[in-house]
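Novice: I have a structure I would like to understand better, so I am pasting it below and will then ask my questions one at a time.
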Amino acid sequence: EGTNGGMQIVDLAPTPPTLVTTYRTTFNTAHTITISGSYAYVSGTRLNGVSRGLRILNLADPVNPVDVGSWTQYYTHDCAVRGNTLYAACINNSLLAVVDITDRAAPATLTTFTWSGNKAHNCDLTTDGKYLLTSDEVPDGHLHVFDVQDPGNIRQVAEWTANPDGIIHNVHVLGNLAYIAYYTEGLRVVDIGNPAYPVEVGYYDTWPGASGGYNGNWQFYPYASS
């Protein structure tokens, strides 16, 4: 935000990494970036305080992104992409939207769905794309698992919590494991080999205080080669 607001593009090759440029053409603040293939899907964008929706940028030339489209039906806090389908976590509207992005210049909503206590902060898909995991960023918010194989009949198959007093924040999937940033409950690692029966297999706590509230583990990145 502010003077240096925008999407920063960093060259990771040098030591230390260097800031190459900052993109500010169609937005100068955003919440999250999801990269899939040669596109960036930027959620929660605003340009000088005005909502610009979910922006889709072509990264064929990563230093010079090109805005090719947007989805603005609901405010999107974060999203997950698989092939030509985007799953938008619409926290302010208490719903999850499934969006066809075959034509990235004109994304089309396929369906929306919700559940009790829905305040979907983010979402991610199992490796096979058959199940969607969501995180509700509210007190007593849980991990939910949905069978999304049939967009016309999306079904919840599981619900999991590390601690009812804690607040879940983000979930990311790598292989058969879900890595969950759970605020005061730290990092939780859950086996989703059978998505209908999530089982915790490990954790790393980052907060020595009481459970509840927004202290502790905000986010993590499990995809580094190490």
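The values are calculated or read from the model by the stated rules, or taken from the named source; none is laboratory data. These numbers come from a predicted model, not from an experiment. Glycine also receives a Cβ, built like all others from the backbone with ideal geometry; neighbour counts cover every protein chain displayed. The accessibility values were calculated without ligands, DNA or RNA, using every heavy atom of the protein model including side chains. Shrake-Rupley method; radii C 1.70, N 1.55, O 1.52, S 1.80 Å.
Novice: Could you say whether any residue in the stretch 107-121 is under 23 Å from Gly193 (Cβ atoms), within 17 Å of the chain's Cα centre (by Cα) and outside any loop (DSSP other than H, G, I, E, B)?
Specialist: No, the stretch 107-121 contains no residue that is under 23 Å from Gly193 (Cβ atoms), within 17 Å of the chain's Cα centre (by Cα) and outside any loop (DSSP other than H, G, I, E, B).
Novice: Consider the stretch 131-157. How many of its residues are of a type in the set (Gly, Ala, Ser) and either closer than 13 Å to Asn118 by Cβ or open to solvent by less than 10 Å² (accessible area, probe 1.4 Å) (or both)?
Specialist: 2
Novice: Take Val20 and tell me if it is outside any loop (DSSP other than H, G, I, E, B), β-branched (Val, Ile, Thr) and over 26 Å from Leu133 (Cβ atoms).
Specialist: yes
Novice: Being of a type in the set (Val, Ile, Thr) and closer than 17 Å to Leu132 by Cα is the filter here; which residues of the stretch 172-196 pass it? Don't jump to the end; show me each part of the working.
Specialist: From the stretch 172-196, those of a type in the set (Val, Ile, Thr) are 173, 180, 184, 189-190, 192; that's our starting set.
Val173, Ile180, Val189, Val190, Ile192, listed by residue number.
Novice: Can you name the residue in the stretch 38-71 that is under 24 Å from Ala13 (Cβ atoms) and within 16 Å of the chain's Cα centre (by Cα) and, of all such residues, is surrounded by the fewest Cβ atoms within 10 Å (Cβ to Cβ)?
Specialist: By that ranking, first place goes to Tyr39.
Novice: What are the pairs, 6+ residues apart or on separate chains, where a residue within the stretch 81-107 that is crowded, with 23+ Cβ neighbours inside 10 Å has its Cβ under 7 Å from a residue that is of a type in the set (D, E, K, R)?
Specialist: Partner pairs satisfying both residue conditions: Ala89/Asp78; Ile91/Lys119; Ile91/Glu137; Pro107/Asp100.
Novice: Can you list residue pairs whose Cβ atoms sit under 8 Å apart, with the first residue in the stretch 1-16 being without any contact (Cβ under 8 Å) to a residue 12 or more places away in the chain and the second being of a type in the set (Val, Ile, Thr)? Count only pairs 6 or more apart in sequence or on different chains.
Specialist: Pairs that qualify, where the first residue is without any contact (Cβ under 8 Å) to a residue 12 or more places away in the chain and the partner is of a type in the set (Val, Ile, Thr), are Val10/Thr18; Val10/Val20; Asp11/Thr18; Asp11/Val20.
Novice: For the stretch 172-186, indicate whether the set of residues that are of a type in the set (Gly, Ala, Ser), over 27 Å from Ser38 (Cβ atoms) and open to solvent by 50 Å² or more (accessible area, probe 1.4 Å) is non-empty.
Specialist: no
Novice: Further question on the same structure: Return a yes/no flag: does the stretch 68-80 have any residue that is aliphatic (A, V, I, L, M), out of contact with any strand residue (DSSP E or B) (no Cβ under 6 Å at 6 or more places or on another chain) and more than 27 Å from Tyr131 (Cβ to Cβ).
Specialist: Within the stretch 68-80 (the criterion being aliphatic (A, V, I, L, M), out of contact with any strand residue (DSSP E or B) (no Cβ under 6 Å at 6 or more places or on another chain) and more than 27 Å from Tyr131 (Cβ to Cβ)), the answer is no, since none of the residues qualifies.
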